[in-house]
Amino acid sequence: MQWTGYEPTDPKLVALYGKAKVLQWDGAHELDWDLPIDPSTPLHVEAFPILELPIFQRLTTAKREELAARFTQIALSRFLHGEQGALLIASSLVGLCPDYEAKLYAATQTVDEARHVEVFARYTQRCGTIVPIDPSFRAFLDTITGADSWIAMLIGMQIVVEGAALSSFHAYRARVRDPLLGKLLDGVLRDEARHVGFGTLYLRRHVAELHADDREQLADEAFEAVIAFDRTRAETLRTSQAAFEAAGVAPAEVMRDAARWLADGKQRRADWTRDGITDFILPTLSRLGLLTKRAEQRFAQARFTPTLSSPLMTQLDALVHSESL
């Protein structure tokens, strides 16, 4: 455990802590849980670009909506598991962050994450079954909680996990049908924007103070965290195979259609998660000084090219700025 004195050294973090206290909300009372939920249509079918593949276009509308409902359960469950991982990591950061005001802010984030677990669990249960966490996603979160240093943990949490969550919630919010889910995501988005703002504000200062060799090592750790997160998507696809089969679609045919789509250059339309990595997480790493030339080459070899200026980055930048500063 890292002990500190009681004199703040960063006025911006103090202000962010103050804002986090004021903006706390109670999901049990501020969300109208009496609103009826149709578990088959909380999200528009367009929330799941995979359903645009030709093989799914041949299905009836009813079958496609059944698949969308199952994908909704999988997506909400993944959000829920991610929020529980964020809760565990944020609580660890309270003890590990070396600065007084960072500890105070991490405490407010811990409360935020507890609230997110609460509301996602309650909503997902109303939409059906909570899908168990994928082994690869659990291993990814366990890796972050077991990071060798607080700064590596902070990068894994505030930049990779929270950055991916912010971009995903943003994408899904635009495709919500259910007003309860819409209001839930509005509250969570505001919290996540502050979390990313804290991470970039706090890390920028500490990364700048590192020796070049230490910064390169940290860039390597950031690269590994992003790639590990990306690998969890394959596990999510495997989780969906039972839903494919229930709809009378062979998973192997889905893979073939998806491969053809990627080859035709439709990859960016088909993957919100990848857009979050290339259009938000990697540009954020660049701003922190952690997208070094070597790291950028490694990302290129893994077929990730950062988009340093994109509509997604502009939108999320505006959200982070308004909620964290």
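Considering only residues that are farther than 15 Å from ALA114 by Cα, of a type outside the set (A, V, I, L, M, F, W, C), assigned to a loop (DSSP other than H, G, I, E, B) and modelled with pLDDT of 95 or more, which ones fall in the range 9-32?
Across the range 9-32, the qualifying residue is only ASP32.
One residue is enough: does the range 76-91 have a residue meeting the conditions surrounded by 17 or more Cβ atoms within 10 Å (Cβ to Cβ) and under 18 Å from ALA250 (Cα atoms)?
Among the residues of the range 76-91, not one is surrounded by 17 or more Cβ atoms within 10 Å (Cβ to Cβ) and under 18 Å from ALA250 (Cα atoms), which makes the answer no.
Mind listing just one residue for me: the one in the range 292-303 that is farther than 16 Å from ILE151 by Cβ and either in contact with a helix residue (DSSP H, G or I) (Cβ under 8 Å, 6 or more places away or on another chain) or among the small types (Gly, Ala, Ser) (or both) and, of those, surrounded by the most Cβ atoms within 10 Å (Cβ to Cβ)?
Filtering the range 292-303 for residues that are farther than 16 Å from ILE151 by Cβ and either in contact with a helix residue (DSSP H, G or I) (Cβ under 8 Å, 6 or more places away or on another chain) or among the small types (Gly, Ala, Ser) (or both), the one surrounded by the most Cβ atoms within 10 Å (Cβ to Cβ) comes out as PHE299.
Just for the range 82-121: of the residues that are among the charged types (D, E, K, R) and under 19 Å from the mean Cα position of the chain (by Cα), which one is nearest to ILE144 (Cα to Cα)?
GLU83
For the range 194-268, list the helices (runs of 4 or more DSSP H) that sit wholly inside it and hold at least 1 residues that are out of contact with any strand residue (DSSP E or B) (no Cβ under 6 Å at 6 or more places or on another chain) and farther than 30 Å from LEU53 by Cα; which are they?
Answer list for the range 194-268: 212-239.
Test of understanding: among GLY182, GLY146, which residue is modelled with pLDDT under 95, surrounded by fewer than 19 Cβ atoms within 10 Å (Cβ to Cβ) and among the small types (Gly, Ala, Ser)?
GLY146
Scan VAL45, VAL131, VAL119 and give me the residue that is surrounded by 19 or more Cβ atoms within 10 Å (Cβ to Cβ) and modelled with pLDDT under 90.
VAL45
Keeping to the range 291-325, report how many residues are among the hydrophobic types (A, V, I, L, M, F, W, C), more than 20 Å from ARG190 (Cα to Cα) and either without any contact (Cβ under 8 Å) to a residue 12 or more places away in the chain or touching a Leu at 6+ places or on another chain (Cβ under 6 Å) (or both).
The qualifying residues number 2.
Taking ASP191, is it of a type in the set (Asp, Glu) and surrounded by fewer than 18 Cβ atoms within 10 Å (Cβ to Cβ)?
no
Could you list, in sequence order, the residues of the range 49-64 that are assigned to a loop (DSSP other than H, G, I, E, B) and either without any contact (Cβ under 8 Å) to a residue 24 or more places away in the chain or exposed (fewer than 11 other Cβ atoms within 10 Å of the Cβ) (or both)?
Residues satisfying the conditions are ARG58, THR60.
The values are calculated or read from the model by the stated rules, or taken from the named source; none is laboratory data. This structure is a prediction, so every number in the text was calculated from the model and none was measured. Neighbour counts are summed over all protein chains in view; Cβ atoms, including those assigned to glycine, are modelled from backbone coordinates with ideal geometry.
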